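Below is one structure, written out as structure tokens; the observations come after it.
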Amino acid sequence: MQRNSPIGVFDSGYGGLTILRQIRQLMPEYDYLYLGDNARAPYGPHSFDVVYRFTLQAVEELFSRGCKLVILACNTASAKALRTIQENDLHRWGPEYRVLGVIRPTVEAVDSLTHTRHVGVLATVGTINSGSYGMELRKLCPDIHVTGQACPMWVPLVEYGEYDTPGADYFVRKRIDSILQTDPEIDTLILACTHYPLLLPLIQRHTPLRVHVIAQGEYVARSLQEYLQRHPQMEQSLGRHGQCHYLTTESSQKFSEQATLFMSESVEAEEIQI
């Protein structure tokens, strides 16, 4: 069997690069193709139908470019589109195609970390309104109490490069204080947006030491590694040249400049339309 299929990684913008970075650190031997739908970002304010349509277009683009496995490295897409794509659309491509999300691997990590069984979810408005984290957590751990907190300013702070400013410090502290006042028993906080790891130093500064902070990247990467171990046929189809290519629906120059900050290495992107 030819090993020529890259692993597709999709996000509405730049945040999914934090997931890609962790995956590549754990499994650098594989080939990757990243697609950021930056021209239509952010997805959070859009309806389920719009997010589903945009996400499906991106998945089909990655499939058409040789990917058989696509990771939705976007919490909004995972919350609003993943299940529908898995149930209604994948059959058109064939049984060898798969789409995975970031929510399930994240919630699977929670059970062993929380002792109070009170968990907080920090996310975009769209992810909080979807209730996806609460539903997934209660499926795996029915005894867990979930509190959500929307953080509408956090993504713009990251994307405009303001994530280490006094203004960012104010907005991070405000949301951390709010969720812990709502439920003082929280001992685990899920950063349920892929942009938020860039705010991690500020988040940790304002979070009590007794509270675990879960950044998604390492858990998604580990879950993907275990998935490939369980699915050798998929693993055997993957390219192993250690290459990574980037696609964006926005300006390639703008994407490259921003992505370099996320990846801590020089990034060159190709601008496409989907």
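Starting from the Cα gyration tensor of region 1-103, take the square roots of the eigenvalues, sort them a ≥ b ≥ c, and report rounded, prolate or oblate (rounded when a/c is under 1.5, otherwise prolate if a/b is larger than b/c, else oblate). Because a/c hits 1.5 or more and a/b fails to exceed b/c, region 1-103 counts as oblate. Take every Cα pair under 8 Å whose residues are at least 6 apart in sequence, average their separation, divide by the length of the chain, and the relative contact order is 28 percent. Counting protein heavy atoms only, the chain has 48 percent of its accessible area on carbon and sulfur, 1.4 angstrom probe. Solvent-accessible surface of protein heavy atoms, probed at 1.4 angstrom with all chains present, puts Met27, Met135 in the order Met135, Met27, largest first. Among the trypsin sites (Lys or Arg not before Pro) in region 218-274, those located in a DSSP loop and surrounded by at most 15 other Cβ atoms within 10 Å of their own Cβ are Arg240. Residues Trp93, Trp154 ordered from highest to lowest accessible area at a 1.4 Å probe: Trp93, Trp154. Please enumerate, by chain and number, the aspartates and glutamates with C-alpha under 13 Å from the C-alpha of Lys139, excluding those fewer than 8 residues away in the same chain. Hits, sequence-local ones excluded: Glu108, Asp111. Accessible surface comparison of Glu96, Glu250, Glu257, probe 1.4 Å, protein chains only, largest first: the order is Glu257, Glu96, Glu250. What the phi angles of region 262-274 give under the Karplus curve with 6.51, -1.76 and 1.60, with θ = phi - 60°, is a coupling list of 6, 9, 6, 7, 5, 10, 10, 10, 10, 7, 9, 10, 10 Hz, glycine and proline written as x. Mean residue ellipticity at 222 nm from the helices of the chain, using -39,500 (n - 2.57) per DSSP H segment of n ≥ 4 over the full residue count, to the nearest 500 deg cm²/dmol? Calculated mean residue ellipticity at 222 nm is -13000 deg cm²/dmol. Phi-derived couplings, Karplus 6.51 cos²θ - 1.76 cosθ + 1.60 at θ = phi - 60°, listed residue by residue for region 224-241: 5, 4, 5, 4, 5, 5, 7, 10, x, 5, 5, 4, 6, 8, 7, x, 10, 10 Hz, with x used for Gly and Pro.
Taking 19 Å as the straight-line reach from the Cα of Lys174, the aspartates and glutamates in range (excluding those fewer than 8 positions away in the same chain) are Glu162, Asp164, Asp183, Glu185, Asp187.
The values are calculated or read from the model by the stated rules, or taken from the named source; none is laboratory data. Since we're looking at a predicted model, the values are computed, not measured. Virtual Cβ from ideal backbone geometry, glycine too; neighbours counted across all protein chains shown. Ligands, DNA and RNA are excluded from the accessible area calculation, which covers all protein heavy atoms including side chains. Shrake-Rupley method; radii C 1.70, N 1.55, O 1.52, S 1.80 Å.
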